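Input: a single structure, listed below in structure tokens.
The values are calculated or read from the model by the stated rules, or taken from the named source; none is laboratory data. Just so it is clear, the structure is predicted and the values come from calculations on it, not from any experiment. Backbone-built Cβ (ideal geometry, glycine too); neighbour counts: all protein chains shown. SASA here: full protein model, heavy atoms, side chains in, ligands and nucleic acids out. Shrake-Rupley method; radii C 1.70, N 1.55, O 1.52, S 1.80 Å.
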Amino acid sequence: MEKKPAAKKKQEPLAFKSPGAEEWRIFQVETDADRESKDKAASAKQSINDCLLNSLQMQNIVVLAGSGTSLGSVDGPSMWDLWKAAIGEKPSAEAKAVASTMNYNLDAKGADNIEAFLSHADAYLQINEDEKIKQFVQMCRKTILENCSNFLKVEKLKGHETFLHRLSRRRVRDPRLKLFTTNYDLCFETATSEIGGVVIDGFSFTSPRRYDPRFFTYDIVRRPRSADDQGNYLEGVIHLYKLHGSVNWVRTNNDVIYEKSSPTPDEACLIYPAKGKYQQSYLQPHLEQMSQYLAAMREPNTCLIVVGFGFNDDHLSEPIISAIKSNPHMRVLVVDPMIESRQSGRTETNRYWTELLTLQEKGDDVWLINADFQDFSKLIPDLKALTPAEKLFKVVKTAVGSKL
């Protein structure tokens with residue numbers, strides 16, 4: 001969970017660490033830096049570009065995108081924003097009354113956590129019938145739903161558009177880009193539409209759009225004009241898996257999932273912030289999304305890009321750590337603007353961060369990139385911008401490890 005922000009800190013320099021490396025390599029410096037620093041940054045930037053180019057040519061590209069992709073310039077809500085909206089920066093009188101009834105100490109360290117608060121409320125309601133608390137929980141869920149729906153502005157999605165445009169410009173004969181996200185919002189769907197791409201998300205292609213896992217097995221081809229031509233796969237198609245649901249999903253009384261604008265909290269098909277996320281992930285439609293996620297971790301020749309994800313969800317973090325240890329053909333790129341401070345101890349970490357950093361130090365194929373989502377999007381090489389000669393040069397250079 002993202003905590004409430006402290007005083008604004010100076011932006012950490014863009015840097016990366018390769019597997020087994022001890023030192024961070026800074027690849028962006030100030031314009032007034034000395035010549036030696038600029039030369040080192042240029043060399044580092046070339047190295048990270050080569051890494052990304054090599055990674056994007058792996059057979060399977062999988063992305064896990066967390067709430068960090070909707071923060072910053074996109075203005076999506078953090079968990080602290082949701083706490084303030086639902087409970088209040090200084091808890092409201094109603095929130096205090098509810099907390100007192102269910103013995104939730106609002107003054108305890110770390111109590112200003114919307115996930116912990118709703119988890120406590122859910123547990124209380126399992127054994128107590130309390131209409132006042134039920135109504136307050138519903139109000140909190142309505143607030144979360146609204147805050148995750150209303151912030152979206154197309155003009156702020158340039159980072160998403162760049163990210164998707166470059167990752168989807170791979171060879172069409174390779175498996176489609178698989179993008180898993182914990183976000184409820186529609187940033188990735190909207191950005192894909194803006195660049196003329198197509199999202200396959202498990203919903204039918206007709207309206208009203210109905211969820212059925214078999215739609216993940218469908219693909220799109222360009223229809224040939226000649227009967228002799230077998231046609232070819234359409235470019236710019238991605239598979240999108242929304243692990244915790246979406247602001248436009250509704251569940252009917254007979255457990256059918258549809259898309260609908262502005263659903264009510266009762267009908268919305270979301271896994272709201274709570275400790276019960278693990279159990280709820282094994283109910284449809286989240287079960288299918290999790291099944292695809294776990295399967296993707298086991299595929300050989302896979303590059304996993306983890307961006308904007310805090311490793312706070314056990315059911316998503318554990319498979320990543322397990323895959324790094326057991327899948328020898330897997331590369332993991334972890335993108336976070338605070339990785340360097342996490343490793344140095346200046347920023348609090350959890351056990352998954354600790355284990356991940358240890359695996360990188362041991363030499364497992366884990367690359368750490370100290371950058372936010374927007375900056376990382378600009379780093380991704382545009383595969384189709386390279387000429388065939390440049391592509392061959394890059395492949396040869398990578399293979400021989402020279403400094404051509």
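Give the separation of the Cα centroids, region 343-382 to region 94-146, in Å. Measuring centre to centre over Cα atoms gives 34 Å.
Only loop residues by DSSP count here, and only those with at most 11 other Cβ atoms within 10 Å; note down the trypsin sites (Lys or Arg not before Pro) in region 205-269 that meet that. When the trypsin sites (Lys or Arg not before Pro) of region 205-269 are filtered for loop state and at most 11 Cβ neighbours within 10 Å, R225 remain.
Report the full-extension gain for the segment E318 to A21: residue separation times 0.36 nm, less the Cα-Cα distance, to one decimal in nm. Show your work: numbers first, answer last.
Working: separation 297, 0.36 × 297 = 106.92 nm, distance 2.39 nm.
Net length gain for the segment: 104.5 nm.
Taking a ≥ b ≥ c as the square roots of the Cα gyration tensor eigenvalues, with a/c under 1.5 meaning rounded and otherwise prolate when a/b beats b/c, else oblate, which class fits region 254-348? Since a/c reaches 1.5 but b/c is at least a/b, the shape of region 254-348 is classed as oblate.
For the residue pairs K84/K132; K40/K158; K40/K378, alpha carbon separations beyond 22 Å are given by K40/K158. If the chain linking E361 and S43 were pulled fully straight, counting 0.36 nm for each residue of separation and taking away their Cα-Cα distance, it would gain 112.3 nm. Electrostatic bookkeeping for Q126 treats Lys and Arg as +1 and Asp and Glu as -1; over the other residues with beta carbon under 14 Å from its beta carbon, the sum is -1. The spacing between region 13-50 and region 218-253, judged by their C-alpha centroids, is 39 Å.
With a Förster radius of 45 Å, plug the Cβ-Cβ distance of Y282 and T347 into 1/(1 + (r/R0)^6) and report the FRET value to the nearest 0.05. The partial results should precede the final answer.
Numbers: r = 32 Å, r/R0 = 0.71.
According to the calculation, E is roughly 0.90.
Starting from the Cα of T206, move 7 Å in the Cα-to-Cβ direction to define the label point; list residues of region 258-297 whose amide nitrogen is under 17 Å from there. Under cut-off, by backbone N: 258-259. Rounded to the nearest 0.05, what FRET efficiency do A85 and T252 give with R0 = 22 Å and r taken as the Cβ-Cβ distance? Could you check? Given R0 = 22 Å and the Cβ-Cβ separation, E is 0.20.
Seen against the Cα atoms of the chain and their longest principal axis, helix 351-362 is set at about 10 degrees.
In loop segments of region 101-187 as defined by DSSP, the GluC sites (Glu not before Pro) with at most 13 further C-beta atoms inside 10 Å of their C-beta are E129.
A protection proxy built from the mean count of other Cβ atoms within 10 Å ranks the segments 65-76, 186-197, most packed first, as 65-76, 186-197. Once the Cα atoms are used to define both axes, helix 314-326 deviates from the longest principal axis of the chain by about 30 degrees. Checking every one of the trypsin sites (Lys or Arg not before Pro) in region 283-376 against DSSP loop status and a limit of 11 other Cβ atoms within 10 Å picks out R346. Of all DSSP-defined beta bridges confined to the chain, some 35% are antiparallel rather than parallel.
If you roll a 1.4 Å probe over the heavy atoms of the protein chains, what accessible area per residue do you get for region 251-358, in Å²?
Per residue, region 251-358 has 45 Å² of solvent-accessible surface.
Maximal additional length on extending the N301-S326 stretch stands at 7.7 nm, based on 0.36 nm per residue less the C-alpha distance.
Within the accessible area of the chain, the carbon and sulfur atoms contribute 49%, probe 1.4 Å, all protein chains present.
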